[in-house]
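Participant: Quick one: this structure, given as structure tokens, is what I'll be asking you about.
What follows is calculated from the coordinates using simple rules that are stated; it is not laboratory data. Note that the structure is a prediction, hence the values are computed from the model and not measured. Because the Cβ atoms are built from the backbone with ideal geometry, glycine has one as well, and the counts that use them run over all protein chains shown.
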Amino acid sequence: MDIICPHCKKCTRTENNPFRPFCSERCKLIDLGTWAEEGYSVPVPPDSVDEEDLDVDKRI
Ligand SMILES: [Zn+2]
């Protein structure tokens with residue numbers, strides 16, 4: 001089965017791939033590390049949060 005690596009967006013395969021859904025160990029480690037360090041679990045993109053904060057500052 002062909003899949004798209006969530007990190008580098010390249011086509012890869014699930015067969016004989018212990019790192020699926022990633023294409024390689026490198027992509028898996030980088031992506032998991034990014035989740036842990038930058039908090040991808042936050043649903044609002046950082047840019048949007050910054051804009052909201054600026055609006056609040058102007059009102060005050
Ligand atoms: Zn990849």
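Participant: Order of Asp2, Asp31 from fewest to most other C-beta atoms within 10 Å?
Facilitator: Starting with the residue having the fewest Cβ neighbours, the order is Asp2, Asp31.
Participant: Using the Karplus curve 6.51 cos²θ - 1.76 cosθ + 1.60 with θ = phi - 60°, work out ³J(HN,Hα) for each residue of the range 13-27 in order, rounded to whole Hz, and write x for Gly and Pro.
Facilitator: 10, 7, 5, 6, 10, x, 9, 3, x, 8, 7, 7, 4, 4, 4
Participant: At 0.36 nm per residue, and after removing the present C-alpha to C-alpha distance, how many nm does the segment from Arg13 to Ile30 gain when stretched out fully?
Facilitator: 4.3 nm
Participant: Using modelled amide H (1.01 Å from N, peptide plane; none on Pro or chain starts), what sits under 5 Å from the amide H of Ile3, excluding residues fewer than 5 places away?
Facilitator: Thr12, Arg13, Thr14
Participant: Now for a separate question. What list of ³J(HN,Hα) couplings, whole Hz, do you get for the range 7-12 from phi and the Karplus terms 6.51, -1.76, 1.60, once you set θ to phi - 60° and write x for glycine and proline?
Facilitator: Once θ is set to phi - 60°, the couplings for the range 7-12 become 8, 9, 6, 8, 5, 9 Hz.
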